[in-house]
Amino acid sequence: MPNIKSAKKRVLLAEARNARNKANKSALKTAMKKFEAAAAEGNRTEAEGAYKVAVKMVDQSVRKGILHKNNAAHKKSAMTLKLNRIG
């Protein structure tokens with residue numbers, strides 16, 4: 001444990017950021033898995049709903065600094081191709 005006041009504050013802030021990032025990342029993973037499951041079933045309407053949620057979560061993750069914008073673009077492109085193949 002740090003002794004200096006500013007170092008103690010940094011530890012607390014880092015823990016808070018880490019918890020926030022973990023929560024957002026787990027929500028992103030859940031949304032992606034729901035889309036993957038709906039796409040695997042071949043259910044177009046369910047997949048479209050899950051796609052919208054997953055894309056929104058990816059965009060939020062970019063804004064919050066959890067994902068890089070190119071990584072997000074790659075994920076969205078792959079999901080779009082998968083959704084279009086269901087058609």
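The values are calculated or read from the model by the stated rules, or taken from the named source; none is laboratory data. Just so it is clear, the model here is predicted, and its values are computed rather than measured. Neighbour counts are summed over all protein chains in view; Cβ atoms, including those assigned to glycine, are modelled from backbone coordinates with ideal geometry. What goes into the accessible areas is simple: the full protein's heavy atoms, side chains included, and nothing from ligands, DNA or RNA. Shrake-Rupley method; radii C 1.70, N 1.55, O 1.52, S 1.80 Å.
By the Stokes-Einstein formula, at 1.567 mPa s and 4 °C, region 24-75 with its Kirkwood radius over alpha-carbon pairs has D equal to 118 µm²/s. Projecting the Cα atoms of Ala31, Val55, Asn21 onto the charge dipole of region 1-69, computed from C-beta unit charges around the Cα centre, puts Asn21 farthest toward the positive end. A DSSP coil position with no more than 10 other Cβ atoms inside 10 Å describes none of the GluC sites (Glu not before Pro) in region 1-63.
What you get for the chain, charging only the Cβ of Lys and Arg (+1) and of Asp and Glu (-1), is a dipole of about 580 debye around the Cα centre. The residues of the chain present an accessible area of 72 Å² per residue when probed at 1.4 Å with all protein chains retained. Checked against a 20 Å cut-off, the cross-linked pairs Lys34/Lys69; Lys25/Lys82; Lys5/Lys64; Lys33/Lys82; Lys25/Lys76; Lys5/Lys25 give Cα-Cα distances beyond that limit for Lys34/Lys69; Lys25/Lys82; Lys5/Lys64; Lys5/Lys25. Each 10 Å bin, from zero up to the one with the longest distance, holds this percent of the alpha carbon pairs of region 1-47: 24, 24, 20, 15, 11, 5. Computed from Cα atoms, the angle from the helix 69-86 axis to the main principal axis of the chain rounds to 20 degrees.
Using all Cα-Cα distances in the chain, what percent lands in each 5 angstrom bin from 0 up to the longest? Going out from 0 Å in 5 Å bins, the chain shows 3, 15, 20, 17, 13, 10, 7, 5, 4, 3, 2, 1, 0 percent.
Backbone phi angles across region 49-59, fed through the Karplus curve with coefficients 6.51, -1.76 and 1.60 (θ = phi - 60°), yield HN-Hα couplings of x, 5, 4, 4, 5, 5, 5, 4, 5, 5, 5 Hz in residue order; Gly and Pro are listed as x.
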